[in-house]
């Protein structure tokens, strides 16, 4: 395995773990998920029954993204379309976070700088996947 392949696979593993942990918590332990999001993302949302209706399906999608997101580790050429789908997901996340930076601060208590930091991480992950695709 080349050093580039190691970086590509590590990126996919980190993305999968992020989706698995945040999604799995939302799906199976929503109260713990809200506490975890407060620590990791700085989100300040009180737990309500209504959040269950948002967190559980969102968590299921996160777990799904984690499982599907590791497939290209085994065969990046065969699963290139999954890599493109991951890039699209990350572009959506960049767009959503960018467009809602001020609202995230007002309604979720996420500082603008913390949001920008997370946007940077998402851009980094998406860039690595794009490099992975074009170098194959």
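The values are calculated or read from the model by the stated rules, or taken from the named source; none is laboratory data. Bear in mind that the values here come from a model prediction, so they are computed numbers and not experimental data. Positions of Cβ are backbone-derived with ideal geometry, glycine not excepted, and every protein chain shown enters the neighbour counts.
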(request) Select from region 102-113 the residues that are under 20 Å from residue 58 (Cβ atoms) and surrounded by 12 or more Cβ atoms within 10 Å (Cβ to Cβ) and list them in ascending order. (result) 104, 107, 108, 109, 110
(request) Determine, yes or no, whether residue 73 is surrounded by 13 or more Cβ atoms within 10 Å (Cβ to Cβ), in a helix (DSSP H, G or I) and over 15 Å from the mean Cα position of the chain (by Cα). (result) yes
(request) Of all residues in region 76-124, count the ones that are touching a residue at least 40 places away in the same chain (Cβ under 8 Å), more than 24 Å from residue 34 (Cα to Cα) and either outside any helix (DSSP H, G or I) or within 15 Å of the chain's Cα centre (by Cα) (or both). (result) 6
(message) part of a helix (DSSP H, G or I), without any contact (Cβ under 8 Å) to a residue 40 or more places away in the chain and surrounded by fewer than 12 Cβ atoms within 10 Å (Cβ to Cβ): is that true of residue 58 in this structure?
(response) no
(request) Evaluate the following for residue 23: is it closer than 22 Å to residue 105 by Cα and surrounded by 14 or more Cβ atoms within 10 Å (Cβ to Cβ)? (result) no
(message) It is to be established whether one or more residues within region 31-38 are over 16 Å from residue 129 (Cα atoms), surrounded by 16 or more Cβ atoms within 10 Å (Cβ to Cβ), modelled with pLDDT under 95 and under 14 Å from the mean Cα position of the chain (by Cα).
(response) yes
